[in-house]
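So the structure is just underneath, and the comments pick up after that.
The values are calculated or read from the model by the stated rules, or taken from the named source; none is laboratory data. The shown structure was predicted, so the numbers you read here are calculated from the model rather than taken from an experiment. Glycine also receives a Cβ, built like all others from the backbone with ideal geometry; neighbour counts cover every protein chain displayed. SASA here: full protein model, heavy atoms, side chains in, ligands and nucleic acids out. Shrake-Rupley method; radii C 1.70, N 1.55, O 1.52, S 1.80 Å.
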Amino acid sequence: LRGEKNFDAVFNDLVQNHHLGEARYVVLAGSSAGGVGALLHLDRLSTRLPQAAVVGFSVSGFFMDVERFPDKTGQPVPTSSLEFDCEAAVIWHGALDVLDMLVPGCREQYSPEDDWQCFFTQNFVSFV
């Protein structure tokens, strides 16, 4: 939610003080986690600037969903590190509800137990 507020504040400043509302071409880009954010907000930006051709790209905004390294006893950890992190984010922030607003359609592709996978760029990008 903080990212959305930051996006809105920057957008409003650019429109009011830097003539973004008159732009014909807009590129929204970010790197790493910012690349994920750029893709998540691309449709919102396009809707707010109907006169502009809006495109976006993500630099290193894809994160690998791989099995964790074995624990100290040599046993593999049962979930991937990103699965664990995403499940924690859902519990702590209700983040999937926000994701639904930004990228509608992704969660329907997964079972309720696996819809956390919509946090991964490679899984939601086709819905942007």
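Quick one: which helices (runs of 4 or more DSSP H) lie wholly within region 81-128 and hold at least 1 residues that are at pLDDT below 65?
Because the criterion is at least 1 residues that are at pLDDT below 65, the helices (runs of 4 or more DSSP H) in region 81-128 that meet it are 81-93, 95-102.
Scan region 13-33 residue by residue and report those that are part of a helix (DSSP H, G or I) and over 16 Å from Val55 (Cβ atoms). I'd like the intermediate steps shown before the answer.
Restricting attention to region 13-33, the residues satisfying the condition of being part of a helix (DSSP H, G or I) are 13-18, 20-22, 33.
Within region 13-33, Asp13, Leu14, Val15, Gln16, Asn17, His18, Gly21, Glu22, Ala33 qualify.
So for region 36-48 (the condition being open to solvent by less than 30 Å² (accessible area, probe 1.4 Å) and modelled with pLDDT of 95 or more), does at least one residue qualify?
Within region 36-48 (the criterion being open to solvent by less than 30 Å² (accessible area, probe 1.4 Å) and modelled with pLDDT of 95 or more), the answer is no, since none of the residues qualifies.
Can you tell me how many residues in region 10-33 are aliphatic (A, V, I, L, M) and either in contact with a Lys or Arg (Cβ under 9 Å, 6 or more places away or on another chain) or open to solvent by less than 60 Å² (accessible area, probe 1.4 Å) (or both)?
The number of residues fulfilling the criteria is 6.
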